[in-house]
Amino acid sequence: MAPSDVALLGGLDSDREVMRFVSGGAPTPDSAIADWVIPRSQSQFREHGTGLWVAFDRRTGRFVGWVWLRLPRHSALPELELSYRLRRESWHRGLATEASTALIRVAFIATDTERVFASTHPDNVRSQRVMQKLGMRLAAENL
């Protein structure tokens, strides 16, 4: 993750369908990516070995999305929050599961993490399925 990745992340976040369950379809402003997302990721990588990893298709070299292991802002426990976001044309290929599995392994090997968690919108069945494939279980449901 580098400052030069703003255009990649901004392009991803400009797809209303990609952002449907994140922001109701609103894009993330490039300024938020440049001023908050990338610096936060870089800081966490330097200090904790976690952060946002961009993903590229091995065959084409094309950007497909990202996977992020981050320190949750609301917890002081030794845990990490998993997030992922993929370009729509990369959905249904197992990429979120594959990349998340690799990062979760790294988290338990290279950090003092005791738990990795994720959350999603209750209607985001695809994301829930990824979490199930990762072996996650429902811990709470806000209704």
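Computed values, structure above
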{"read-out": "Relative contact order (percent, whole number), the chain, Cα cutoff 8 Å, 6+ residue spacing", "value": "18 percent"}
{"read-out": "For the stretch 14-62 and the stretch 86-139, distance of Cα centres in Å", "value": "15 Å"}
{"read-out": "Protein accessible area in the chain, 1.4 Å probe - carbon and sulfur %", "value": "53 percent"}
{"read-out": "Inter-label distance, nm, simple model (7 Å from Cα along the C-beta direction), ARG105/ASP57", "value": "2.4 nm"}
{"read-out": "GluC sites (Glu not before Pro) restricted to the stretch 39-143 and DSSP loop, no more than 15 other C-beta within 10 Å", "value": "GLU114, GLU141"}
{"read-out": "Sparsely packed trypsin sites (Lys or Arg not before Pro) within the stretch 59-143, loop by DSSP, other Cβ within 10 Å at most 16", "value": "ARG59, ARG62, ARG73, ARG93, ARG137"}
{"read-out": "Per-residue HN-Hα couplings for the stretch 96-107 [Karplus 6.51, -1.76, 1.60; θ = phi - 60°; Hz; x = Gly/Pro]", "value": "4, 5, 4, 5, 5, 4, 5, 5, 5, 4, 4, 4"}
{"read-out": "Whole-number Å³ per residue for the convex hull built on Cα positions in the stretch 43-97", "value": "101 Å³"}
{"read-out": "Theoretical ellipticity at 222 nm over the chain - DSSP helices of four or more residues, -39500 (n - 2.57) apiece, nearest 500", "value": "-9500 deg cm²/dmol"}
{"read-out": "Label-point separation, ALA2 to ARG20 (7 Å along Cα→Cβ), nm", "value": "3.5 nm"}
{"read-out": "Per residue, in Å², the accessible surface of the stretch 1-78 once ligands and nucleic acids are set aside, probe 1.4 Å", "value": "57 Å²"}
{"read-out": "When the chain is reduced to its Cα atoms, the Kirkwood hydrodynamic radius in Å", "value": "15.8 Å"}
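The values are calculated or read from the model by the stated rules, or taken from the named source; none is laboratory data. Everything quoted here is computed from the prediction, not taken from an experiment. Using ideal geometry, Cβ is built from the backbone for each residue, glycine included, and neighbour counts are taken over all protein chains shown. Ligands, DNA and RNA are stripped out before the accessible areas are found, and what is left, the full protein with its side chains, is counted by its heavy atoms. Shrake-Rupley method; radii C 1.70, N 1.55, O 1.52, S 1.80 Å.
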